[in-house]
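Novice: Have a look at the structure that comes next, please.
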Amino acid sequence: MENQSTSQTDDVQAVQRLSEAYQQIRGELGKVIVGQEQVLEELLVTMFARGHCLLVGVPGLAKTLMIRTLADALSLSFNRIQFTPDLMPSDITGTEVIQENKASGDREYRFLRGPIFANVLLADEINRTPPKTQAALLEAMQEHQVTTGGTKHQLAEPFFVLATQNPIEQEGTYPLPEAQLDRFMFNIQVDYPDEDEELEIVRRTTADTETSITPTLDAEEILVLTRIVRRVPIADHIARYALRLARHTRTGREDTPEFVREYVMWGAGPRASQYLVLGAKARAVLHGRYCVSHEDVQAVALPVLRHRIKTTFTADAEGITADEIVRRVLKSVPHVSKEDERGKLPQVFRSADAG
């Protein structure tokens, strides 16, 4: 009992540490990035849940600067890859070269690491490179390793892929396959700043000033804190609510809403349910809470589900977007009470205070 109590105390202190670090990181990012509060929160939720994210927005919205500044604030190694139509998979993962030993004259293969060997990988304009090169990221994103010449090479931990995508350029682009889209935990929409924010951006970027970023966490601390996120308890009824949100986007079920049958070609898979729970846990911890609420699940529903819903031609013709469908799903799925859901989920979802 004493060891259990000590462990719980350590976890609570770790939650407080992560919440404080979150505020510090937001402060450091605010030195460079103006506004975009929701985008920054979703970006940090993704990272502390150890996921990958896709940032979608028109050029000039500081997506690249945001990711670079975040890597500096977290004291992580950072590499950027500008995706182009002629980029090859080996340009990302690395390649084997023949090297001669000058002493013995023997030749041997040596692996030269590519830019993917970093804590934070910025895949800039990922949809501008062919599917073969896009697929080079799949193994790294899922397994945190790359395989060349039959040899597996482990990536540095933690490892995050933060990709950007331009939604308005269609010529010369290659839409991401659904299998790769599903591996991104969040799809974050980066919108235009409001007038006051844009004025502040102009002031900062047209003056002769330099801003220094103070690192808040290092790689080892981040690994410890991300483990804390997964240990956060979630009550049965909250987990059930997250599952129902994902399941209500799927067609062919008896309880599928009519608007989903009409506007959705296919919906979110099981990975969406996992990410709804993980994202909600990370958000709760970043806000200093050691329990997950319905609000946390709702807050991550859009970035988790929007890229996992394929709309029909009818939806496209009527201007019904995936975001609109997710909003309707949120309104159609009621909160689940503790009493209704007791005993319906495995013990792993239970918490001591879940009732």
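Novice: Roughly what % of DSSP beta bridges within the chain run antiparallel, to the nearest 5?
Specialist: That works out to approximately 45 percent antiparallel.
Novice: Just want to confirm a number: the relative contact order over region 232-349, from Cα pairs under 8 angstrom separated by 6+ residues, in percent.
Specialist: Value for region 232-349: 38 percent.
Novice: Here are a few candidate values for semi-axes √(5λ) of the Cα gyration tensor in Å: (1) 34, 27, 24; (2) 59, 30, 23; (3) 30, 25, 21. Which one was actually calculated from the structure I just gave you?
Specialist: Matching the structure shown: (1).
Novice: Putting +1 on Lys and Arg Cβ atoms and -1 on Asp and Glu Cβ atoms, find which of V333, A284, A317 reaches farthest to the positive end of the dipole of the chain.
Specialist: Value computed over the given set: V333.
Novice: On to the next question. Taking amide H positions as placed in the peptide plane 1.01 Å from N, state which residues far from T251 in sequence (5 or more) or on other chains have amide H under 5 Å from it.
Specialist: It is G267, by chain and number.
Novice: Per-residue ellipticity at 222 nm for the chain, helices alone: DSSP H runs ≥ 4 residues times -39500 (n - 2.57), over residue total, nearest 500 deg cm²/dmol?
Specialist: It lands at -14000 deg cm²/dmol.
Novice: Okay, moving on. Search the structure for amide H atoms under 5 Å from the amide H of T148, placed 1.01 Å from N in the peptide plane, and list their residues when 5 or more places away or on another chain.
Specialist: Under 5 Å from the amide H of T148: H153.
Novice: For the chain, please report how many Lys pairs fall under 28 Å Cα to Cα, leaving out neighbours fewer than 8 apart on the same chain.
Specialist: Final tally of qualifying lysine pairs is 14.
Novice: Follow-up. Nearest 20 debye, what's the magnitude of the dipole of the chain about its Cα centre given +1 on Lys and Arg Cβ and -1 on Asp and Glu Cβ?
Specialist: Taking the Cα centre of the chain as origin, the dipole is about 1160 debye.
Novice: A further question on this structure: Quickly rank 206-212, 261-267, 65-71 as a protection proxy: mean count of other C-beta atoms within 10 Å, highest first.
Specialist: Most protected by this proxy first, the peptides run 65-71, 261-267, 206-212.
Novice: Quick one: length gained pulling D191 to R327 fully straight, 0.36 nm per residue minus the C-alpha distance?
Specialist: Net length gain for the segment: 47.2 nm.
Novice: Based on other C-beta atoms within 10 Å, arrange D124, D323, D255, D236 from fewest to most.
Specialist: Ascending Cβ contact count within 10 Å gives the list D255, D323, D124, D236.
Novice: Obtain the nm distance between the two label points defined at A135 and L223 by a simple spin-label model: each point lies 7 Å from its Cα along the Cα-to-C-beta direction.
Specialist: 3.2 nm
Novice: A further question follows. Collect residues whose amide H, placed 1.01 Å from N in the peptide plane, falls under 5 Å from the amide H of T216; neighbours closer than 5 in sequence don't count.
Specialist: Here the answer is L74, S75, since their amide H atoms fall under 5 Å of that of T216.
Novice: With an 8 Å Cα cut-off and a minimum separation of 6 or more residues, compute the relative contact order for region 52-153 in percent.
Specialist: In percent, rounded to a whole number, it is 29.
Novice: Neighbouring Cβ atoms within 10 Å as the yardstick, rank I213, I234 fewest first.
Specialist: Lowest to highest Cβ neighbour count: I213, I234.
Novice: Another question, if that's okay. Which one of G60, F48, P257 has its Cα pushed farthest toward the positive end of the charge dipole of the chain, where Lys and Arg give +1 and Asp and Glu give -1 at the Cβ?
Specialist: Positive-most Cα among the choices belongs to P257.
Novice: Same structure, new question: Sorting F78, F259 on the 10 Å Cβ count, fewest up front, what's the list?
Specialist: Going from least to most buried by this count: F259, F78.
Only the coordinates and a few stated rules stand behind these numbers; no lab work does. Since the model is a prediction, treat every value here as computed from it, not as a measurement. So basically every Cβ, Gly included, is an ideal-geometry build from the backbone, and we count neighbours across all protein chains shown.
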